[in-house]
Amino acid sequence: MPTPDRAPVLEWTEDPAANRLLAENPLALLVGFCLDQQFPIEQAFLGPLRMRERLGTLEPGRLAATDPEVFAAAFRTPPAIHRFPRSMAERAQGICRIVAETYGGDASRLWREAGTAAELHRRLAALPGFGALKARIVTGVLVRRYGVNPPGWEQVVPDFPTLADVTTADERRAYQAAKRAHKAAMRAQAAEGSAHRAPSRVPGPPRASGRTAAGSGRGSGGARRSPASRP
């Protein structure tokens, strides 16, 4: 991971201290991406700073050993670190546990020791709160912003806009606006497709009018005689 004097610019939040932490601390970067789901970008990536403020550390071993209830309480404390504090606290602590137990407490080993981009992708995808797509996005950030270039990275890095393309606050806002517009277009397209797939109404047999074909029947009670046939 870069040293502070050459850390990348990542203005993903409105808080300069949170941005510096993301750029300089490998665990903060991973936790931020974990929290970046169903939550605004600038709030999700503020999470690692709030974790450090409320739990007193970002040392993976100490966080992994923290009582899960204490960890969850830190996430719930207003302003909540995430809209789903308990589940996201579990995921964030799970990342700390993996880093502590598998990578000796150094999150950067996750990518520094990956022999290929495929291995890096597998390691990232295995983290709580990640998955195949997010692992590709984080790989793109590592390649473009941190100079991590494992063999085969070209096949893993996304070929569509992601946070790897964002450094400044203006770029973040433009990225968010484009993302909202894309989602709105997708919803409109889905709604239009549903309308086109809606089955047309097939005409059924005509409803009974209450009379027979001769014009004198009434339901199942038989025919009614015409006035001319009455005695």
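Looking only at region 76-88, filter to residues that are part of a helix (DSSP H, G or I) and without any contact (Cβ under 8 Å) to a residue 24 or more places away in the chain; which one of those is surrounded by the fewest Cβ atoms within 10 Å (Cβ to Cβ)? Ranking the qualifying residues of region 76-88, first place goes to R76. Going by what's in this entry, would L110 be described as in a helix (DSSP H, G or I), closer than 24 Å to A178 by Cα, out of contact with any Asp or Glu (no Cβ under 9 Å at 6 or more places or on another chain) and aliphatic (A, V, I, L, M)? The answer is no for L110.
Just so you know, in region 19-39 the residues that are in a loop (DSSP other than H, G, I, E, B) and under 10 Å from the mean Cα position of the chain (by Cα) include one that is surrounded by the fewest Cβ atoms within 10 Å (Cβ to Cβ), and it is Q38.
Residues in region 114-135 that are without any contact (Cβ under 8 Å) to a residue 24 or more places away in the chain and of a type in the set (D, E, K, R) were compared, and the one that is surrounded by the most Cβ atoms within 10 Å (Cβ to Cβ) is R123. Of all the criteria given as (1) among the hydrophobic types (A, V, I, L, M, F, W, C); (2) under 18 Å from I41 (Cα atoms); (3) in a helix (DSSP H, G or I), the one not satisfied by M186 is (2). Does T66 meet the test of being hydroxyl-bearing (S, T, Y) and either touching a strand residue (DSSP E or B) at 6+ places or on another chain (Cβ under 6 Å) or surrounded by 15 or more Cβ atoms within 10 Å (Cβ to Cβ) (or both)? For T66, the condition - hydroxyl-bearing (S, T, Y) and either touching a strand residue (DSSP E or B) at 6+ places or on another chain (Cβ under 6 Å) or surrounded by 15 or more Cβ atoms within 10 Å (Cβ to Cβ) (or both) - is met.
No value in this document is a laboratory result; all are computed from the given coordinates. Just so we're clear, the structure is a prediction, and the values are computed from it rather than from any experiment. When we count neighbours, we look across all protein chains shown, and the Cβ atoms used for this are built from the backbone with ideal geometry, even at glycine.
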